[in-house]
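Asks: Here you go, one structure.
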Amino acid sequence: MEKRLNDLIDKALSRRKFMAGAGTAAAAALVVGCNNGTTAPTPTPTPTPAPLDIPDNDILNFALNLEYLEAEFYLYAATGSGLSSADALTGAGTTIFPTGYTPAAVPWGAPNALLSEFANELAQTELDHVRFLQAAITSNSGTPVPRPALDFSFFGPLATAAGITNPSPFNPFTSAAAFLIGGFIFEDVGVTAYAGAAPLITNTNILSAGAGLQATEAYHAASIRALIVAADAAASSMTYTTIANQVSALRATLGGGNETALSSMSIVAANASNAVGFSRTTDQVLHIVYGTGGTAGVAKGGFFPNGMNGNITVTAS
């Protein structure tokens with residue numbers, strides 16, 4: 001399977017440089033800086049349920065926590081190093097790795113050169129998202145939270161809870177195929193989190209920017225879902241599709257359902273009635289990333305051993 005991944009994606013990807021996202025902070029400042037505090041008119045009819053009264057910057061900081069997680073994962077997978085101290089901000093937590101594992105880029109090998117390029121693009125995109133959200137929060141008279149402590153050793157217990165026994169312990173940094181599963185674990189959660197946050201945002205400029213961020217995350221999720229299925233099809237195997245679906249089933253249990261089983265006939269994650277993408281509340285997202293079911297008062301766990309930073313950090317139900 002590993003040797004065939006390159007053939008599957010060389011027509012879909014062009015080579016890209018791993019370049020810094022120049023101008024990201026300035027772009028974010030333009031999004032909210034000139035219209036700080038602009039509130040959208042009350043929609044008619046009133047949505048059901050009515051949006052909670054949560055300040056926009058709290059929502060942006062919640063999203064920033066998730067972007068820190070994704071950026072750190074992809075940066076380590078692509079380069080062997082995580083966020084810089086400048087991007088992680090003062091007071092940033094540490095990143096934990098599986099016992100006995102020394103952080104290093106995924107061993108792509110020549111057959112997977114283009115998948116390596118894809119990982120580089122994902123890493124740069126998530127880094128741009130971190131910088132964008134930090135600048136947007138600052139421009140909206142807020143303070144962006146620093147990167148919280150992150151625990152990538154949780155990939156192992158998560159895989160065990162999902163019933164994944166091979167490979168065991170699961171570590172997404174050990175191979176190109178495992179990397180795709182690692183990306184699958186994060187991306188669908190990010191897409192649903194942005195969709196769920198949209199009704200909570202009052203500043204129309206921030207809402208528009210959030211829609212753009214969600215669109216990018218959806219591109220990521222769709223690409224990864226397609227690559228997993230295509231790789232298995234080429235190998236006449238269901239190995240990694242099965243693993244992805246075990247992860248999906250666990251996410252559904254932890255985070256309120258909202259999953260589409262992956263197969264050659266169902267690449268797109270959307271509801272069956274009208275093909276609209278799923279959304280999750282902040283509470284459902286917390287349950288997934290903390291690795292806990294429906295329990296109120298959970299403030300840490302899973303990928304966030306000390307909890308998220310900001311004001312949305314504790315499960316409500």
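A short reminder: the numbers here are calculations on the coordinates, not readings from a lab. Since the model is a prediction, treat every value here as computed from it, not as a measurement. Every residue, glycine as well, gets a Cβ built from its backbone with ideal geometry; the counts of neighbours run over all protein chains shown.
Asks: Please compute the modelled spin-label separation between A198 and I96, points set 7 Å along Cα→Cβ, answer in nm with one decimal.
Replies: 3.6
Asks: In debye, nearest 20, what is the charge dipole magnitude of region 57-290 about its Cα centre with +1 on Lys and Arg Cβ and -1 on Asp and Glu Cβ, if you could check?
Replies: Charge dipole of region 57-290: 200 debye, to the nearest 20.
Asks: Please report M265, M238, M308 as a ranked list, fewest other C-beta atoms within 10 angstrom at the top and most at the bottom.
Replies: In increasing order of surrounding Cβ atoms, one gets M265, M238, M308.
Asks: Enumerate the residues in region 243-271 having an amide nitrogen under 14 Å from the point lying 7 Å beyond the Cα of T160 toward its Cβ.
Replies: none
Asks: Would you mind classifying region 57-290 by shape? Square roots of the alpha carbon gyration tensor eigenvalues, ordered a ≥ b ≥ c; an a/c under 1.5 is rounded, otherwise it is prolate if a/b is larger than b/c and oblate if not.
Replies: Oblate is the answer for region 57-290, as a/c is 1.5 or above yet b/c matches or exceeds a/b.
Asks: So, one more: Could you order peptides 144-152, 267-275 by the average number of other Cβ atoms within 10 Å of their residues, highest first?
Replies: 144-152, 267-275
Asks: Among 206-213, 290-297, how do they line up from the highest to the lowest mean number of other beta-carbon atoms within 10 Å?
Replies: Order by mean packing, descending: 206-213, 290-297.
Asks: For region 174-298, give the magnitude of the charge dipole about the Cα centre (Cβ charges: +1 Lys/Arg, -1 Asp/Glu; no others), in debye to the nearest 20.
Replies: That gives region 174-298 a dipole magnitude of about 40 debye.
Asks: Can you work out the FRET efficiency for the pair T143 and V314, with r the C-beta to C-beta distance and R0 = 22 Å, to the nearest 0.05?
Replies: 0.65
Asks: Just grab the label-to-label distance for S266 and T292, each label 7 Å out from Cα along the Cβ direction, in nm (one decimal).
Replies: 3.0
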